[in-house]
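Engineer: Please see the structure below; I have some questions.
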Amino acid sequence: MTDIQHIRLSELTDKINETVHAAFSTARFWVIADITNHTFRAPKNYHYFELVEKDPGSNNILAKISGKAWGKGADRILDFEKRTGQPFSNNIHVLVNVSVQYHPDHGLQLDIHDIDPHFTLGMLEQQKQATLERLLIENPEFIKKSGDLFITRNNQLKLGRVLQQIALISSHTSAGGEDFKHTLLQNPFGYRFFIDEYHTPVQGDHNAETLVTKLIEVFNSRKPYDAVVITRGGGAQTDFLIFDNYRMGKAVARFPIPVITG
């Protein structure tokens, strides 16, 4: 038996628990962080994740801590998802109200009590404005701004007096696309429209590249389209992030066929 003075691990964790409880038991903090390693246990409505802060310049992790949301915290997350349309998942930037907890089995954790939807929506708007500024700076030959209006090569194209040959870009299940076709094809004047459909997802920023690919496909078809129409149904603000994508904005701004969105 060693003569080195020692204590049991449980005694040490008890001391840590007492210290954390004394310092943080009544304190709550509003914290800005990214969500990573998120898991959700639906039957119990439990969220487990890590809160991470990264260096904006290098993307290196500056701080990381485990987190959870049960009960009221999980209810606030559900409200956040309804109000923003943004799932509580990995890689979202959030402002959360937390308390510090320590448990000998689970270690140090932050418990979420509230989450601010306005912060996340504000961040999305900032990203949109940053994209518009980048489009102006990097593409002066076909994007300019006059007052509050953006003047692009595309929106300066003159629409023909008759729009008849149309390339329709929408998803397979888009209510907006079906409504558009029904309105044109069932018009009361018996006017004939010729619509070619180019199906692609029109929701989620991660699908922006496929949407750009569809525009390229329209161009490469060499068909004499009078206009390209991009449609989607309604949705939450975050459902429209695909249209705030830089590559998408650049492609539409320089496209040689008039683009109409709805």
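The values are calculated or read from the model by the stated rules, or taken from the named source; none is laboratory data. Keep in mind that what you see is a predicted model, and the values were worked out from it rather than measured. Every residue, glycine as well, gets a Cβ built from its backbone with ideal geometry; the counts of neighbours run over all protein chains shown. Areas reflect the complete protein model, heavy atoms only, side chains present, ligands, DNA and RNA absent. Shrake-Rupley method; radii C 1.70, N 1.55, O 1.52, S 1.80 Å.
Engineer: What pairs can you find where one residue is in the stretch 2-22 and under 16 Å from Q101 (Cα atoms), the other is of a type in the set (S, T, N, Q), and their Cβ atoms are less than 9 Å apart, with a gap of 6+ or different chains?
Structural biologist: Here the result reads V20/Q101; H21/Q101, each pair linking the stretch 2-22 to a residue that is of a type in the set (S, T, N, Q).
Here's the yes/no breakdown for (1) touching a strand residue (DSSP E or B) at 6+ places or on another chain (Cβ under 6 Å); (2) part of a loop (DSSP other than H, G, I, E, B); (3) not charged (D, E, K, R):
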residue	(1), (2), (3)
D14	no, no, no
T19	no, no, yes
A22	no, no, yes
T26	no, yes, yes
N37	yes, no, yes
K44	no, yes, no
F49	yes, no, yes
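Engineer: Suppose we keep only residues that are surrounded by 15 or more Cβ atoms within 10 Å (Cβ to Cβ), assigned to a helix (DSSP H, G or I) and of a type in the set (D, E, K, R) within the stretch 232-262. Which one would you say is modelled with the lowest pLDDT?
Structural biologist: Per the stated criteria, the residue is D239.
Engineer: If you don't mind, another one. Do we have T152 as open to solvent by less than 40 Å² (accessible area, probe 1.4 Å), among the polar types (S, T, N, Q) and more than 21 Å from K128 (Cβ to Cβ) here?
Structural biologist: no
Engineer: Select from the stretch 192-231 the residues that are within 24 Å of the chain's Cα centre (by Cα), part of a loop (DSSP other than H, G, I, E, B) and in contact (Cβ under 8 Å) with a residue 60 or more places away in the chain and list them in ascending order.
Structural biologist: Matches in the stretch 192-231: T231 only.
Engineer: Here are some residues: I32, I77. Which one is modelled with pLDDT of 90 or more, assigned to a strand (DSSP E or B) and within 22 Å of the chain's Cα centre (by Cα)?
Structural biologist: Every option except I32 fails the conditions.
Engineer: State the number of residues belonging to the stretch 180-204 that are out of contact with any strand residue (DSSP E or B) (no Cβ under 8 Å at 6 or more places or on another chain) and open to solvent by less than 80 Å² (accessible area, probe 1.4 Å).
Structural biologist: Residues that pass the stated criteria total 4.
Engineer: Consider A74 carefully, then state whether it is of a type in the set (G, A, S) and either within 30 Å of E11 (Cβ to Cβ) or open to solvent by 90 Å² or more (accessible area, probe 1.4 Å) (or both).
Structural biologist: It is false that A74 is of a type in the set (G, A, S) and either within 30 Å of E11 (Cβ to Cβ) or open to solvent by 90 Å² or more (accessible area, probe 1.4 Å) (or both).
Engineer: I need the full set of residues from the stretch 87-108 which are open to solvent by less than 30 Å² (accessible area, probe 1.4 Å) and of a type outside the set (V, I, T), in order please.
Structural biologist: If the condition is that a residue be open to solvent by less than 30 Å² (accessible area, probe 1.4 Å) and of a type outside the set (V, I, T), then F88, N97, S99, G107 are the ones that fit.
Engineer: Same structure again: Taking the stretch 1-12 only, how many residues are open to solvent by less than 100 Å² (accessible area, probe 1.4 Å), part of a loop (DSSP other than H, G, I, E, B) and closer than 20 Å to P104 by Cα?
Structural biologist: Total satisfying the criteria: 1.
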